[in-house]
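Below is one structure; the comments refer to it alone.
The values are calculated or read from the model by the stated rules, or taken from the named source; none is laboratory data. Just so you know, these numbers come straight off a predicted model, no measurement behind them. All Cβ positions, glycine included, derive from the backbone under ideal geometry; neighbour counts span all protein chains shown.
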Amino acid sequence: MDKRRHIAIFTTASLPWMTGTAVNPLFRAAYLAKDGERIVTLVIPWLSLKDQKLVYPNNITFSSPPEQETYIRHWLHERTGFESDFSILFYPGKFSLDKRSILAVGDISEVIPDEKADIAFLEVPEHLTWYHHGKRWKIKFMLVIGIVHTNYLAYVRRERNGRMQAFLLKYLNNWVVGICHKVIRLSAATQEDPQLIICNVHGVNPKFLEIGKKKLEQQQKGSQAFSKAGLEVDLYGSGEDSDQVQETAEKLELAVRLHPGRDHADFEFHDYKVFLNPSTTDVVCTTTAEALAMGKIVVKFFGAIPRSLQPDEEQCKELGLAMPAGKRGSGK
């Protein structure tokens, strides 16, 4: 009898949509299954052809789940370099134009048979549970762990009657995450809840650490590790607003070079020395960790924001961090 634990990872998106809830759970499944000590299943949405055309970039579509699974595994192998023995199962999903999100259709917990229901990771538990009307997760699974990826309140506030919607959504989210035994917030940029743990459980792909080691070796040999210099701005991205961004840059005559989106570990990014993501709402912990792993300087943008919690001098020493110049000796 196989005594290995069964882990089911449910998420709200899948490749080729290059969003965090598609990419990070995929890597989680691959690395959890790598050593063969666990039985891992990744559960992702299957979209109709109509919805695929709305969501997936570059006119990529699939005629069947096996075809999409082949695409996903090929993409994964190119970035990890190893084969990982985990299963991929699909649940019916529907793309919501107004929410710009994929919503589950029906009881997605049924994808995992009761006899294999052991541990469940719910990537974005509030999103997965807004319309869930099936068996309660904590009844079906022995252990349910939620991982909060997204700051939905920030998105809702931008809509009509946003403040009222955000107020209601905040309490709805607090209620629905009660379906988990443990909930982890990837970053403090997500919805506040003192009872939840803040921890970047994603980590970084080893390839980013390899890039950082190569840059360190170049510096130790006296070579120029980072060649990008001067006030030059390169903008990378292939989102749905790309055309508008380009039109605006041209209209304002900005000295910005626009490029299609690339893998974060692409050679194109190796020579950039400084990483700055000025977002105050998005959960940017993954890209920040990747930049640090590559040996780059990360600009501490959030330190200028009121109410942001910054480490004091003692905490900086414990964490091996450089103390901001304006705070040295202040203890604040």
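Tabulated values for the structure
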{"item": "Residue count, segment 119-146 (criterion: buried (at least 20 other Cβ atoms within 10 Å of the Cβ), modelled with pLDDT of 90 or more and not small (Gly, Ala, Ser))", "result": "5"}
{"item": "Any hit, segment 27-39, residues being under 18 Å from Val148 (Cβ atoms) and either hydrophobic (A, V, I, L, M, F, W, C) or part of a strand (DSSP E or B) (or both)", "result": "yes"}
{"item": "Matching entry among Lys94, Lys3, Lys99 (being within 22 Å of the chain's Cα centre (by Cα) and part of a loop (DSSP other than H, G, I, E, B))", "result": "Lys99"}
{"item": "Selection count, segment 92-118, where residues are in contact with a strand residue (DSSP E or B) (Cβ under 7 Å, 6 or more places away or on another chain) and surrounded by 18 or more Cβ atoms within 10 Å (Cβ to Cβ)", "result": "6"}
{"item": "Residue within segment 40-56 that is surrounded by fewer than 19 Cβ atoms within 10 Å (Cβ to Cβ) and touching a residue at least 60 places away in the same chain (Cβ under 8 Å) present", "result": "no"}
{"item": "Some residue of segment 15-37 being touching a residue at least 40 places away in the same chain (Cβ under 8 Å), of a type in the set (S, T, N, Q) and within 17 Å of Asp118 (Cα to Cα)", "result": "no"}
{"item": "Leu15 vs. criteria in a helix (DSSP H, G or I) and among the aliphatic types (A, V, I, L, M)", "result": "no"}
{"item": "Cross-chain or 6+ apart pairs with Cβ under 7 Å, segment 245-267 first and without any contact (Cβ under 8 Å) to a residue 60 or more places away in the chain, then part of a helix (DSSP H, G or I) and of a type in the set (D, E, K, R)", "result": "Arg262/Glu268; His264/Glu290"}
{"item": "Looking only at segment 243-270, and only at residues there that are among the basic types (Lys, Arg) and farther than 18 Å from Thr287 by Cβ, the one that is surrounded by the fewest Cβ atoms within 10 Å (Cβ to Cβ)", "result": "Lys251"}
{"item": "Filter pass, Glu67 being out of contact with any Pro (no Cβ under 9 Å at 6 or more places or on another chain), in a loop (DSSP other than H, G, I, E, B) and either surrounded by fewer than 19 Cβ atoms within 10 Å (Cβ to Cβ) or in the same structural domain as Thr287 (by TED's automatic domain parsing) (or both)", "result": "no"}
{"item": "Residues located in segment 12-27, provided they are over 11 Å from the mean Cα position of the chain (by Cα) and surrounded by 18 or more Cβ atoms within 10 Å (Cβ to Cβ)", "result": "Thr12, Ser14, Leu15, Trp17"}
{"item": "Flag for Ser308 being at pLDDT below 80 and within 25 Å of Leu15 (Cα to Cα)", "result": "no"}
{"item": "Residues of segment 91-102 that turn out to be hydrophobic (A, V, I, L, M, F, W, C) and without any contact (Cβ under 8 Å) to a residue 60 or more places away in the chain, as a count", "result": "2"}
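For (1) modelled with pLDDT under 75; (2) within 30 Å of Leu143 (Cβ to Cβ); (3) surrounded by fewer than 16 Cβ atoms within 10 Å (Cβ to Cβ), each residue gets a yes or a no:
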| position | (1), (2), (3) |
| --- | --- |
| Met164 | yes, no, yes |
| Ala189 | yes, yes, no |
| Gln224 | yes, no, yes |
| Gly237 | no, no, yes |
| Asp241 | no, no, yes |
